[in-house]
1. If I go through the range 110-126 residue by residue, how many of them are in a helix (DSSP H, G or I) and either within 16 Å of the ligand (Cβ to nearest atom) or surrounded by fewer than 18 Cβ atoms within 10 Å (Cβ to Cβ) (or both)?
2. Of the numbered conditions (1) part of a loop (DSSP other than H, G, I, E, B); (2) in contact with a helix residue (DSSP H, G or I) (Cβ under 9 Å, 6 or more places away or on another chain); (3) away from the ligand (no atom under 11 Å from the Cβ), residue 129 satisfies every one except a single condition; which is it?
3. Quick test of your reading of the structure: residue 179 fulfils all but one of (1) polar (S, T, N, Q); (2) more than 10 Å from the ligand (Cβ to nearest atom); (3) farther than 20 Å from residue 232 by Cα. Name the failing condition by number.
4. Based on what the data block shows, is residue 206 away from the ligand (no atom under 16 Å from the Cβ), touching a residue at least 12 places away in the same chain (Cβ under 8 Å) and within 24 Å of residue 187 (Cα to Cα)?
5. Which residue is nearest to the chain's Cα centre (by Cα), if the candidates are limited to the range 326-373 and must be among the polar types (S, T, N, Q) and more than 10 Å from the ligand (Cβ to nearest atom)?
6. Within the group 344, 299, which residue is assigned to a loop (DSSP other than H, G, I, E, B) and of a type in the set (S, T, N, Q)?
7. Restricting to the range 132-141, name every residue that is in a loop (DSSP other than H, G, I, E, B), more than 12 Å from the ligand (Cβ to nearest atom) and touching a residue at least 60 places away in the same chain (Cβ under 8 Å).
8. Quick one: which of 105, 146 is under 24 Å from residue 189 (Cβ atoms) and either away from the ligand (no atom under 11 Å from the Cβ) or surrounded by fewer than 22 Cβ atoms within 10 Å (Cβ to Cβ) (or both)?
Amino acid sequence: MADEELRMFADSVGRFLERNAPPERVAKWRAEGMVEREFWREAGQAGLLGVSVPTEFGGGGGDFRHDVVVAEAVIRKGVEGFAAGLHNVIITPYIQAHGTEGQKRKWLPSLSNGERVAAIAMSEPGAGSDLQSVRTTAVRDGNGYRINGAKTFISNGQLADLIVVVAKTDPKEGARGVSLFVVEPGEVEGFRRGRKLDKVGLDAQDTSELFFDDVRVPAENLLGDREGQGFYQLMHELPRERLIIALGSAVAMEKALEETIAYVRERKAFGQPVIEFQNSQFVLADCKAKAVVARVFVNDCIEKALKGELDATTASIAKLWVTEAHGELVDACLQLHGGYGYINDYPIARMWRDARVQRIYGGSSEIMKLLIARSL
Ligand SMILES: Cc1cc2nc3c(=O)[nH]c(=O)nc-3n(C[C@H](O)[C@H](O)[C@H](O)COP(=O)(O)OP(=O)(O)OC[C@H]3O[C@@H](n4cnc5c(N)ncnc54)[C@H](O)[C@@H]3O)c2cc1C
């Protein structure tokens with residue numbers, strides 16, 4: 001697809017978000033702690049979901065560049081809580097890349113038209129960084145499996161109607177005992193959504209607990225064609241997940257910088273705009289350097305991902321460096337706002353709160369360092 005067509009796609013995504021997610025509507029989601037389901041349907045109808053799913057499976061037929069356009073626009077336009085990056089880039093590819101033909105036919109169309117909202121349930125109360133130690137089990141039972149366990153911190157947890165669940169099919173084995181299952185909450189018994197967690201930030205995201213109490217799924221819901229592939233499937237998809245988190249941070253850095261420059265131009269202290277102090281200029285220069293370096297590195301990773309050349313180490317470097325730089329940048333930008341920076345009416349306050357988790361989810365900074373160190 002030519003650049004011109006990509007630009008037109010970006011324009012139409014931007015217009016859709018401006019029209020359908022104005023600040024008043026997003027404020028409502030923030031107050032309710034979740035995005036309206038109806039908005040997911042609207043986004044699906046407008047072509048924002050499943051953008052890189054082949055048309056034969058009901059998707060947009062694009063590639064990773066289209067996913068990047070949507071993920072970037074959602075952050076730039078401040079559509080908080082709408083986890084399009086998670087749905088399009090993190091979860092749908094599990095089915096696209098690892099599902100059988102039947103699984104793709106069954107799930108990809110409804111993930112692309114907004115009928116289904118996706119979630120991925122890896123983390124548990126006792127296992128986050130160390131995924132091999134998950135305790136959720138899936139035990140073979142006739143022509144199906146019985147899933148038992150508890151998950152926590154699951155994004156889209158209240159809305160999701162397709163959940164990719166990490167479970168042990170062989171608890172005696174480590175990585176080789178892990179499999180992924182697709183659970184459709186509407187189709188099973190024993191599934192329960194727990195609390196929508198009260199978080200420091202991401203107010204419009206329904207990050208939740210999920211419980212699986214003898215949930216029986218048909219054997220066809222084992223992702224792929226055999227047990228024990230889960231860890232391999234996760235390792236295959238995690239670099240892109242980390243890149244999309246790094247991209248989110250890069251865009252958020254640019255936004256925070258723009259917001260802060262506008263603020264310090266207006267705000268006066270000691271008879272002059274705050275931007276006139278040399279300290280403000282030095283702080284902003286440092287922020288700009290970080291934002292530019294982040295963007296260039298992320299763009300390079302996107303190029304690599306498009307060519308199928310993004311390796312786990314490079315994706316970990318992107319996530320580690322860009323999310324850490326994001327944290328430093330929003331903190332400096334908040335400081336330049338003075339007391340107003342701490343007031344939620346000012347966008348920088350939310351940007352600061354929302355930035356914190358970027359260093360934790362999708363693999364913490366410490367785990368990124370472990371992965372990078374393996375390449376030394
Ligand atoms: C808002 C939000 C949304 C999330 N969304 C999802 C989701 O959709 N799906 C999902 O499955 N999970 C999700 N998570 C969970 C997230 O991925 C985990 O919180 C994260 O991986 C860390 O796991 P943990 O919380 O168990 O921390 P722990 O693993 O208990 O880690 C605690 C601390 O120890 C450090 N640490 C751990 N191991 C090592 C080590 N070997 N060396 C050095 N330091 C180490 C960690 O870096 C961390 O600082 C979400 C979390 C949040 C907060």
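The values are calculated or read from the model by the stated rules, or taken from the named source; none is laboratory data. Keep in mind it's a predicted model, so treat the numbers as computed, not measured. Reconstructed Cβ throughout: ideal geometry from the backbone, glycine too, with neighbour counts over all protein chains shown.
1. So in the range 110-126, the residues in a helix (DSSP H, G or I) come out as 110-112.
Narrowing further to those that are either within 16 Å of the ligand (Cβ to nearest atom) or surrounded by fewer than 18 Cβ atoms within 10 Å (Cβ to Cβ) (or both): 111.
Qualifying residue count for the region: 1.
2. (3)
3. Among (1) polar (S, T, N, Q); (2) more than 10 Å from the ligand (Cβ to nearest atom); (3) farther than 20 Å from residue 232 by Cα, residue 179 violates only (3).
4. It is false that residue 206 is away from the ligand (no atom under 16 Å from the Cβ), touching a residue at least 12 places away in the same chain (Cβ under 8 Å) and within 24 Å of residue 187 (Cα to Cα).
5. It comes out as 344.
6. It is 344.
7. Within the range 132-141, no residue meets the criteria.
8. On the way: 105 fails: under 24 Å from residue 189 (Cβ atoms).
The conditions single out 146.
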